[in-house]
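Enquirer: One structure coming up, written as structure tokens, with questions to follow.
What follows draws every value from the coordinates through simple rules; no lab data is involved. Small disclaimer: the values here were computed from a predicted structure and weren't measured. Neighbour counts are summed over all protein chains in view; Cβ atoms, including those assigned to glycine, are modelled from backbone coordinates with ideal geometry.
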Amino acid sequence: MASGDYSGDDFYCDVALADPSSLDVVHDGVAVLAYHHTRPYWPVHVVVVPKVHVPSSTDLTGADEDVLRELLGVVQLVARQMELEHGEARVLTNLGRYQDSKHLHVHVASGEHH
Ligand SMILES: [Zn+2]
């Protein structure tokens, strides 16, 4: 399935993680994948996603401690590199109606949206 055609609510489990071969991967860890967004909102736009299904950052529990630790580590790695290369970066995750795909993902991005 072409990623642009997806209309479900978990792009990560259904498309990206199901077949990561088409992704521009930045970091492939034990429990976390980071890749360049397939439909970037910002000029430089990486998403960091846990490989296991976690609905959102407010759904994380103590049981997800290992995933959370790795997730934050990868976010830091990607953000540090982006800050070094571009001078600035933003790190954000959406919740509720702001969250398009109901699978926890953290945006690490640089540049202005036009
Ligand atoms: Zn999922």
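Enquirer: Working only within the range 48-79, note down all residues that are in contact with a strand residue (DSSP E or B) (Cβ under 6 Å, 6 or more places away or on another chain) and of a type in the set (A, V, I, L, M, F, W, C).
Expert: Within the range 48-79, Val48, Val49, Val67, Leu71, Val74, Val75, Val78, Ala79 qualify.
Enquirer: Additional query: Considering Tyr6, Tyr98, Tyr41, which residue is surrounded by 12 or more Cβ atoms within 10 Å (Cβ to Cβ) and either over 10 Å from the mean Cα position of the chain (by Cα) or not small (Gly, Ala, Ser) (or both)?
Expert: Answer to the check: Tyr6.
Enquirer: State the number of residues belonging to the range 55-72 that are buried (at least 16 other Cβ atoms within 10 Å of the Cβ) and over 28 Å from Gly8 (Cα atoms).
Expert: Of the residues in that region, 0 qualify.
Enquirer: Enumerate the pairs (first residue in the range 3-29 and under 21 Å from Val78 (Cα atoms); second residue anywhere and within 14 Å of the ligand (Cβ to nearest atom) and part of a helix (DSSP H, G or I)) with beta-carbon separation below 8 Å, excluding pairs fewer than 6 apart on the same chain, so at least 6 apart or on different chains.
Expert: Between residues of the range 3-29 that are under 21 Å from Val78 (Cα atoms) and residues that are within 14 Å of the ligand (Cβ to nearest atom) and part of a helix (DSSP H, G or I), the close pairs are Leu23/Ala16; Asp28/Pro20.
Enquirer: Next up: Among the residues that make up the range 73-87, is at least one of them surrounded by 12 or more Cβ atoms within 10 Å (Cβ to Cβ) and either within 16 Å of the ligand (Cβ to nearest atom) or in a loop (DSSP other than H, G, I, E, B) (or both)?
Expert: no
Enquirer: Could you tell me which of the residues Val15, Val30, Val47 is within 14 Å of the ligand (Cβ to nearest atom), of a type in the set (Val, Ile, Thr) and either over 12 Å from the mean Cα position of the chain (by Cα) or in a loop (DSSP other than H, G, I, E, B) (or both)?
Expert: Residue meeting the stated conditions: Val15.
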